[in-house]
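**Student:** This structure is in structure tokens; I'll ask about it shortly.
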Amino acid sequence: MRTATTREPQATDWLGLLEDLVNTDSAPDDHAGIDAVYGKLAPVVEQLGFTVKKLATDGGPDAMLARRHGSRGDARRVLMVGHVDTVFARGTAQARPFTIAGERAYGPGVADMKGGLVVILAALSRLDDAALAGLDITVLFNGDEESGSVFSRPVIEEAATGQDAALIFEAARPSGAIVSSRRGVARYRLDVTGRASHSGSNPQAGANALETLAHTIIGIQDAGRRIDGATVTAVLAEGGSRPNIVPAAASVHVDARFDDDRADQAVERELGKLTGEGPVEGTVTRLTRYAGRPAFGRPYTELARAYTDAGRELGVQIETVSAGGVSDANFTAALGVPTIDGLGPSGGRAHTDDEYIELATVQKRASVCAALLSRLSSAASPH
């Protein structure tokens, strides 16, 4: 039986909350859906003793910030981050609602990352008065992570500044491992301009942008093979306007992943060599970098060890891994804030119709997180 000092609302049904969240569509451009998710989270957060407020972003969905200050002067400052958006369009939840089959729960965004949202709240509900006294906790919910956190990035970075630890609640790996580092990402577009002409009666008067683009794509792939600590991939190409016109314009999008700033800079230099006058006379290529996240390259081993030790004491064996995908952990780690990620329930097949979590790990991960927070409350800084 829980003691009188627990903060969990007595009526909280975590499984019911998870089902409700999954059954609420919330794509990054669905601001009403994102607000609806906030509306389901806010009452639970407030019952846990947090003050809650919405934060406007510059053109994107609002973020939601919750804070609870400890009573000790040496309270540890901890940021917990969870995104409420999914990759699925409005109507998906109705067509494919939350379901349980065996030991797994399925549904749009159940792993990425509505299961993690429940882990955050369930973990906070397990903290007693002594732990809460030694923690200044900030919980940040954002609504555009799946589209790159372009709008919420300034909010994340402001909230992370000065924190002693940042905990990010993307799903754990299917093995149960948490994420201790992530590659950075940069997105580029190379635009080729040429000159149109009739492809039948006067092709020689044109300057074929698609031909130059073909050379450019080969150069992109070659760059990816030359740069240590990075992958560079042409991912989306288009060009031309009609079957009987020499193409006057063509473009290719590039996804670059890198381990550190050196590799990031090397990618940009190599792609820059593909710009200017093209191999086809009359064509010109321009390079635009339009999105990305910095590398989370250096693991914060003490914080990761504190988490895995907390798990071990509860009988949960947890490994740490590096990941090629990115998350909002890239932003907090780049600021020098000790960061760990993948603290949500174990799951897999994100962004597909078969996305799932291992249902029992929701409460297990909440218990481990609560144990970590208690450790941070009573210990020296985790730096």
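**Student:** Which loop GluC sites (Glu not before Pro) in region 247-338, with loop taken from DSSP, have no more than 15 other Cβ atoms within 10 angstrom of their Cβ?
**Tutor:** Answer in residue order: 281, 319.
**Student:** Could I ask something else about it? Where both partners of a DSSP beta bridge lie in the chain, what percent of those bridges are antiparallel, to the nearest 5?
**Tutor:** Restricted to the chain, the bridges split so that about 75 percent are antiparallel.
**Student:** Here is a further query. So if we plug the beta-carbon distance of residue 241 and residue 94 into 1/(1 + (r/R0)^6) with R0 = 41 Å, what FRET efficiency do we get, rounded to 0.05?
**Tutor:** Using R0 = 41 Å, I get an efficiency of 0.60.
**Student:** So which lysines pass the test for residue 54, namely a Cα distance under 28 Å, with those fewer than 8 places away in the same chain ruled out?
**Tutor:** 40, 114
**Student:** What's the magnitude of the charge dipole for region 133-284 around its Cα centre, counting Lys and Arg as +1 and Asp and Glu as -1 at the beta-carbon? Answer in Debye, nearest 20. Before the final figure, lay out each step's value.
**Tutor:** Values: 14 positive and 22 negative charges, 121 e Å.
The dipole of region 133-284 has a size of about 580 debye.
**Student:** What FRET efficiency would be calculated for the residue pair residue 228, residue 202, taking the C-beta separation as r and a Förster radius of 56 Å, to the nearest 0.05?
**Tutor:** Efficiency computed from Cβ-Cβ geometry: 0.75.
**Student:** Now, a different point. Tell me the mean residue ellipticity at 222 nm calculated for the chain from its helices only (DSSP H runs of n ≥ 4, each -39500 (n - 2.57), averaged over every residue, nearest 500).
**Tutor:** Working: 11 runs with 122 residues, N = 383.
Helices in the chain give a 222 nm mean residue ellipticity of -9500 deg cm²/dmol.
**Student:** Amide H of residue 196 versus every other amide H placed in the peptide plane: which residues, excluding those fewer than 5 positions away on the same chain, fall under 5 Å?
**Tutor:** Result for residue 196 returns 207.
**Student:** Can you find, among 340, 123, 73, the residue sitting farthest towards the positive end of the charge dipole of the chain, where Lys and Arg contribute +1 and Asp and Glu -1 at Cβ?
**Tutor:** Of 340, 123, 73, it is 73.
**Student:** Per residue, how big is the convex hull of region 80-209 when only Cα atoms are used? Give it in Å³.
**Tutor:** 228
**Student:** Give me log10 I(q)/I(0) at q = 0.15 Å⁻¹ for region 241-311, Debye formula, one equal scatterer per alpha-carbon, no solvent.
**Tutor:** Here log10 of I(q) over I(0) equals -0.71.
**Student:** With θ set to phi - 60° and the Karplus curve 6.51 cos²θ - 1.76 cosθ + 1.60, what are the ³J(HN,Hα) couplings of region 307-314 in order, to the nearest whole Hz, using x for Gly and Pro?
**Tutor:** Karplus values, whole Hz, x for Gly and Pro: 5, 5, 5, 4, x, 4, 5, 9.
**Student:** Then there is this: Dipole of region 308-383, Cα-centred, from +1 at each Lys and Arg C-beta and -1 at each Asp and Glu C-beta, to the nearest 20 debye?
**Tutor:** Dipole magnitude for region 308-383 comes out near 300 debye.
**Student:** Expressed as a whole percentage, what fraction of the accessible surface of the chain belongs to carbon and sulfur atoms when a 1.4 Å probe is rolled over the protein heavy atoms?
**Tutor:** That share works out to 49 percent.
**Student:** Please state the charge dipole magnitude for the chain, taken about the Cα centre, from unit charges on C-beta atoms (+1 on K and R, -1 on D and E), reported in debye and rounded to the nearest 20.
**Tutor:** 380
**Student:** What percent do you get for the relative contact order of region 298-383 when only Cα pairs under 8 Å and 6+ apart count?
**Tutor:** Reported relative contact order: 35 percent.
**Student:** Given a 10 angstrom Cα cut-off, can you work out which residue in 321, 110, 368 is the most mobile in a GNM of the chain?
**Tutor:** 321
**Student:** Still on this structure: Which cross-chain or sequence-distant (5 or more) residues have an amide H under 5 Å from the amide H of residue 172, H modelled 1.01 Å from N in plane?
**Tutor:** Amide H neighbours of residue 172: 344, 346, 347.
**Student:** Still on this model: At 7 Å along Cα-to-Cβ for each site, give me the label-to-label distance between residue 319 and residue 253 in nm.
**Tutor:** Taking the two extended label points, one gets 3.3 nm.
The values are calculated or read from the model by the stated rules, or taken from the named source; none is laboratory data. These numbers come from a predicted model, not from an experiment. Neighbour counts run over all protein chains shown; Cβ positions are idealised from the backbone, glycine included. Heads up: the accessible areas ignore ligands, DNA and RNA and are worked out on the full protein's heavy atoms, side chains in. Shrake-Rupley method; radii C 1.70, N 1.55, O 1.52, S 1.80 Å.
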